Amino acid sequence: MTDEQMPKNGTNPDIADNKVVAALSYIWILFLIPMLLKKDSKFCQFHSKQGLILFLFSFVAWFPIIGWLIGLAIIIVSVVGIVKTLAGERWEIPFIYDLSKKINL
């Protein structure tokens with residue numbers, strides 16, 4: 001099943017079984033847990049790839065002023081990502097999703 005064919009709600013058993021682990025994807029370096037431990041779960045891999053991109057963007061947040069704004073945006077996106085993941089949703093974060101599709105693990 002491709003990413004585009006994956007249901008956007010929690011009706012899939014893969015989603016129901018892995019949504020808590022997938023939510024870790026949005027907590028800084030913890031994206032590694034679903035990425036490495038749940039390689040067979042498309043739901044976990046989808047969210048962990050987006051978490052990887054957010055993790056990389058978090059390094060920009062170390063720079064004054066513009067970095068702080070980016071850091072605040074990352075926090076907001078991460079919280080929304082956690083909430084949507086726990087609800088069993090597949091949320092394609094604008095711009096982040098496009099970058100995450102290029103990751104092949």
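Read-outs: derived from the displayed coordinates by stated rules, not from any lab. In this text, all values refer to a predicted model and were calculated from it rather than measured experimentally. Virtual Cβ from ideal backbone geometry, glycine too; neighbours counted across all protein chains shown.
Consider the candidate values (i) 41; (ii) 28; (iii) 51; state which one is percent of Cα pairs over 21 Å apart computed from the structure displayed.
Evaluating percent of Cα pairs over 21 Å apart on these atoms matches (ii).
Find the relative contact order for the stretch 13-100 and round it to a whole percent, using C-alpha pairs within less than 8 Å whose residues are 6+ positions apart.
On the way: 115 pairs, mean separation 28.3, N = 88.
Relative contact order here is 32 percent.
Once you put a point 7 Å from the Cα of LEU36 and another 7 Å from the Cα of VAL60, both along the Cβ direction, what distance in nm separates them?
Placing both labels 7 Å beyond Cα along the Cβ direction yields 2.7 nm.
Could you calculate the contour length gain from ALA73 to ASN104, that is, 0.36 nm times the residue separation minus the distance between their Cα atoms, to one decimal place in nm?
8.6 nm
Anyone know which of LEU72, LEU52, LEU30 comes out most mobile in the 10 Å Cα GNM of the chain?
Of the options given, LEU72 has the highest mean-square fluctuation.
Between ILE70, ILE53, ILE27, which gets the highest mean-square fluctuation from a Gaussian network model of the chain, Cα cutoff 10 Å?
Between ILE70, ILE53, ILE27, it is ILE70 that shows the largest mean-square fluctuation.
Only four residue types carry charge here, +1 at the Cβ of Lys and Arg and -1 at the Cβ of Asp and Glu. Report the dipole size of the stretch 13-100 about the Cα centre in Debye, rounded to the nearest 20. Kindly include the intermediate steps, with their values, before the conclusion.
Numbers: 7 positive and 6 negative charges, 18 e Å.
Here the stretch 13-100 has a charge dipole of around 80 debye.
Using θ = phi - 60° and the Karplus form 6.51 cos²θ - 1.76 cosθ + 1.60, what ³J(HN,Hα) does each residue of the stretch 77-82 get, whole Hz, x for Gly and Pro?
Once θ is set to phi - 60°, the couplings for the stretch 77-82 become 4, 5, 5, 5, x, 4 Hz.
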